Ligand code: IPM
Ligand code: MN
């Protein structure tokens, strides 16, 4: 039976970059069924909710979800439940997408686009594994109230709850060790165990699960130090496994080491390898509609989808090789452009990848 892919373009540059990924998937001629639905601000405008029921139902029915980006400043004043970000948070929660793989790979053709010295990033290949459905993002209780204690009793306060259960940590720990086995067999677990109770449990569980993977090296690092080491000696890392909030922050930092966040795909998987695939960057409303956004992160996300959720590793290899080929041809969107290269727009880049598939 042919596989169903839910295509959710979203806001800002989302529709433009998604069009190029769809072009590439169609050119592969794999017999996939692609079905689109609105999400984020676009869905709020059209249907009054950032994650309409029909969109969620399509995502649940599909074999995989290809997601563009959501968000725009014009929705900043909406109540939280209606903001575009709730679409991606809702999809993660409802689909049980607890494991977020964010590779940070420095392409040899783009070494000079990094803000770090070329020798620090040449050959960089790290994998950030971010827990995606727990932590302070989803922990309850949360809300606002009048403080009954603390520094200013009787005044308005807000609170969130950082929470992790043992099974939540165990399942992400297993994935980290398994991913490391396919790489350099080194895991760095990042936490704040000198301060936080959740981090202390995180560290205990990592150590216990590590007992089943004696061939993999495990180190622990505090998150503040990890942020520093990432810009000091990023190549010292192989797999970084961390919680939802720390992973959000460190994955943006790691992405920028590679020169452009416009190049980096990501995969968010559930326990059955069903997944949502999206570029690591956001909706970039400042350049939306201009045809200049880099579609490669979305195209590479489609490749990850072919490999991890659709069981089509050869097609994934072809897409990744085609992206390498266009970079070697010197084609660059504005975000990765440097002197001597040819500046191209979003659609030209997508067309070039399609040509390179042949
Ligand atoms: C990300 C984004 C999201 C997050 C936002 C849009 C809710 O920053 O995917 O990293 O914080 O997880
Ligand atoms: Mn983020």
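Odds and ends about this structure:
- Between residue 35 and residue 204, residue separation times 0.36 nm minus the direct Cα-Cα distance comes to 56.5 nm.
- Derived value for the stretch 125-257: Kirkwood hydrodynamic radius 15.7 Å. Basis is the mean of 1/r over every pair of different alpha-carbon atoms.
- When the alpha carbon coordinates of the stretch 3-128 are projected onto the principal axes, the ranges are 49, 42, 28 Å, largest first.
- Approximate shape of the chain as ellipsoid semi-axes (Cα gyration tensor, √5λ), whole Å, largest first: 32, 26, 21
- As a proxy for reagent exposure, ranking 17, 240, 88 by other Cβ atoms within 10 Å from fewest up yields 88, 240, 17.
- Binning the alpha carbon pair distances of the stretch 256-358 at 10 angstrom intervals from zero yields the distribution 15, 45, 32, 7, 0, expressed in whole percent.
- Relative to the current alpha-carbon distance between residue 194 and residue 228, full extension at 0.36 nm per residue lengthens the span by 10.6 nm.
- Our summary gives the chain a relative contact order of 21 percent, counting only alpha carbon pairs under 8 angstrom and 6 or more residues apart.
- Translational diffusion of the stretch 227-285, µm² s⁻¹ [Kirkwood Rh, Cα pairs; Stokes-Einstein; 20 °C; 1.002 mPa s]: 166
- Pairs of Cα atoms nearer than 8 Å and 6+ residues apart set the relative contact order; for the stretch 125-257 it is 36 percent.
- Taking each residue as 0.36 nm, the span from residue 236 to residue 157 lengthens on full extension beyond its C-alpha to C-alpha distance by 24.3 nm.
- Residue 142/residue 120 FRET efficiency (R0 45 Å; Cβ-Cβ; nearest 0.05): 0.70
- Ranked 341, 106, criterion: other C-beta atoms within 10 Å, fewest first: 341, 106
- Annotation for the stretch 331-350 versus the stretch 137-185: alpha-carbon center distance of 40 Å.
Since every read-out is calculated from the coordinates, none of them should be taken as a lab result. Everything numeric here is computed off the predicted structure, so don't read it as measured data. We place every Cβ from the backbone using ideal geometry, glycine too, and count neighbours over all the protein chains shown.
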